[in-house]
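The block underneath contains the structure these notes are about, expressed in structure tokens.
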Amino acid sequence: MSGRLEGKVAIVVGAGQTPGDTIGNGRATAILFAREGARVVAVDRDLASAEETVAMVRDEGGQANACEADATREEDCRRMVESATRELGRVDVLHNNVGIGGSDAGPAHIEEEVWDRILEVNLKSVVFPCKAVLPVMREQQGGSIINISSIAAVCSTGIVAYKTSKAGVNAYTQTLAIGNAKHGIRANVIMPGLMDTPMAIEGISRGTGIPKEELRKRRDEQVPLRARMGTAWDVAHAALFLASDEAGFVTAVALPVDGGQSARIG
Ligand SMILES: NC(=O)c1ccc[n+]([C@@H]2O[C@H](COP(=O)([O-])OP(=O)(O)OC[C@H]3O[C@@H](n4cnc5c(N)ncnc54)[C@H](O)[C@@H]3O)[C@@H](O)[C@H]2O)c1
């Protein structure tokens with residue numbers, strides 16, 4: 001490995017994962033950041049899941065600590081950043097991976113409780129970790145924030161709460177980036193497309209009753225590039241670039257990682 005994050009401290013929020021056959025975006029990102037030399041704080045509401053990620057990092061000789069926090073709660077986010085700075089001295093990278101979409105529906109069927117839950121989780125879990133880390137990054141005069149959105153933000157999907165929340169993440173990140181550029185803080189969005197992760201495959205299969213292999217086939221067919229979904233490692237590698245100094249002049253970008261799907265017409 002080439003040590004592209006050597007000397008950096010990275011907080012990955014949502015670093016555990018939905019159980020399943022494959023690896024999730026947050027877990028793969030935490031592992032890849034550590035492989036590249038970062039000291040990683042693996043944050044999750046589910047401490048046991050964050051600890052599994054930490055064990056995987058340490059098994060490879062990397063450095064990581066687990067931290068239990070609900071990213072939608074401002075107080076938890078403040079505590080998460082305080083403990084990272086107390087124990088590791090700084091925060092160079094904040095990667096916000098939390099996102100949900102269960103029970104979403106179209107405009108004629110969306111239920112108030114579902115709308116509130118999806119909007120609350122997907123927006124607050126970006127806004128409050130960022131708010132907590134900004135004073136530290138401003139003091140350092142540098143840092144990289146990566147928010148995980150979705151191509152749903154820019155493509156029509158038929159479901160409204162997830163799409164609206166992710167479009168909100170894109171909009172929020174633009175303001176975050178421009179407002180903090182003078183402090184040397186970069187902020188970018190990754191928009192994953194159809195990924196073969198447990199959140200998508202096991203999650204949607206459970207919600208719809210479509211068998212996993214049938215679901216994989218249907219999702220693969222929609223992807224222009226080799227008619228194959230991406231994996232969590234594709235998201236992790238894009239995040240690695242944005243986290244690293246190689247992306248030193250890249251800010252306020254919304255990067256699709258989607259095998260060309262968001263560019264497809266018809
Ligand atoms: N898989 C896909 O096809 C796909 C496509 C587009 C976008 N995305 C985005 O990728 C992200 C999730 O990817 P993943 O594969 O890592 O999912 P995942 O479900 O495996 O992991 C998400 C983690 O976040 C944690 N979490 C949930 N709510 C939390 C909260 N309030 N506070 C702290 N932790 C919380 C969960 O416990 C879980 O460990 C989401 O933002 C999702 O919208 C995924």
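Here region 101-120 is the region considered, the condition is being buried (at least 19 other Cβ atoms within 10 Å of the Cβ) and within 16 Å of the chain's Cα centre (by Cα), and the residue that is farthest from Ile204 (Cα to Cα) is Ile118. Entry remark, region 95-115: residues being over 14 Å from Tyr162 (Cβ atoms) and in a helix (DSSP H, G or I) number 2 in total.
How many of the residues in region 30-45 are open to solvent by less than 10 Å² (accessible area, probe 1.4 Å) and within 10 Å of the ligand (Cβ to nearest atom)? Residues in region 30-45 being open to solvent by less than 10 Å² (accessible area, probe 1.4 Å) and within 10 Å of the ligand (Cβ to nearest atom): 3 in total. Given the criteria within 16 Å of Asn25 (Cα to Cα), modelled with pLDDT of 95 or more, among the hydrophobic types (A, V, I, L, M, F, W, C) and under 21 Å from the mean Cα position of the chain (by Cα), does Val253 qualify? No.
Under the condition of being more than 14 Å from Tyr172 (Cα to Cα) and of a type outside the set (Val, Ile, Thr), the residues counted in region 121-133 number 1. Every listed requirement among (1) free of Cβ contacts under 8 Å to residues at least 40 places away in the same chain; (2) under 15 Å from Leu240 (Cβ atoms); (3) acidic (Asp, Glu); (4) in contact with a helix residue (DSSP H, G or I) (Cβ under 7 Å, 6 or more places away or on another chain) is met by Glu6 save one, (4).
Kindly check whether there is at least one residue in region 82-94 that is surrounded by 15 or more Cβ atoms within 10 Å (Cβ to Cβ), more than 8 Å from the ligand (Cβ to nearest atom), in a helix (DSSP H, G or I) and hydrophobic (A, V, I, L, M, F, W, C).
First, the residues of region 82-94 that are surrounded by 15 or more Cβ atoms within 10 Å (Cβ to Cβ): 83-85, 88, 90-94.
Those still in the list that are more than 8 Å from the ligand (Cβ to nearest atom) too: 83-85, 88, 90-94.
Subset that is in a helix (DSSP H, G or I): 83-85, 88.
Now restrict to residues that are hydrophobic (A, V, I, L, M, F, W, C): 84, 88.
Yes, the conditions are met somewhere in region 82-94.
Going by what's in this entry, would Arg27 be described as near the ligand (Cβ under 10 Å from one of its atoms), more than 16 Å from Ser125 (Cα to Cα) and touching a residue at least 24 places away in the same chain (Cβ under 8 Å)? Here the answer is yes, as Arg27 does meet what is asked.
Please go through region 27-47 and pick out each residue that is in a strand (DSSP E or B) and under 13 Å from the mean Cα position of the chain (by Cα).
Across region 27-47, the qualifying residues are Ala42, Val43, Asp44.
Pairing each residue of region 209-229 that is under 16 Å from Arg264 (Cβ atoms) with any residue that is open to solvent by 100 Å² or more (accessible area, probe 1.4 Å) and at pLDDT 95 or above, provided the two are 6+ apart or on different chains, yields C-beta distances under 7 Å for Asp220/Arg228; Ala227/Glu221.
What's the number of the only condition in (1) under 25 Å from Asp196 (Cα atoms); (2) within 16 Å of the chain's Cα centre (by Cα); (3) in a helix (DSSP H, G or I) that Cys77 fails to meet? Unmet condition: (1). Among the residues of region 56-66, the ones that are open to solvent by 50 Å² or more (accessible area, probe 1.4 Å) and either of a type in the set (Gly, Ala, Ser) or assigned to a helix (DSSP H, G or I) (or both) come to 4 in all. Scoring Ile145 on the criteria (1) open to solvent by less than 10 Å² (accessible area, probe 1.4 Å); (2) away from the ligand (no atom under 16 Å from the Cβ) leaves a single failure, condition (2). Do we find a residue being within 14 Å of the ligand (Cβ to nearest atom) and more than 22 Å from Ala236 (Cα to Cα) anywhere in region 131-138? Scanning region 131-138 turns up at least one residue that is within 14 Å of the ligand (Cβ to nearest atom) and more than 22 Å from Ala236 (Cα to Cα).
Can you find, within region 187-240, the residue that is surrounded by the most Cβ atoms within 10 Å (Cβ to Cβ) among those that are among the hydroxyl-bearing types (Ser, Thr, Tyr) and within 11 Å of the ligand (Cβ to nearest atom)? Only one residue fits best here, namely Thr197. Selection over region 69-81 of residues that are surrounded by fewer than 15 Cβ atoms within 10 Å (Cβ to Cβ) and in contact (Cβ under 8 Å) with a residue 60 or more places away in the chain gives a count of 0. Out of Gly14, Gly20, one residue alone is surrounded by fewer than 24 Cβ atoms within 10 Å (Cβ to Cβ), small (Gly, Ala, Ser) and near the ligand (Cβ under 10 Å from one of its atoms). It is Gly20.
The values are calculated or read from the model by the stated rules, or taken from the named source; none is laboratory data. From a predicted model like this one, the values you see are computed outputs, not experimental measurements. Neighbour counts run over all protein chains shown; Cβ positions are idealised from the backbone, glycine included. Ligands, DNA and RNA are excluded from the accessible area calculation, which covers all protein heavy atoms including side chains. Shrake-Rupley method; radii C 1.70, N 1.55, O 1.52, S 1.80 Å.
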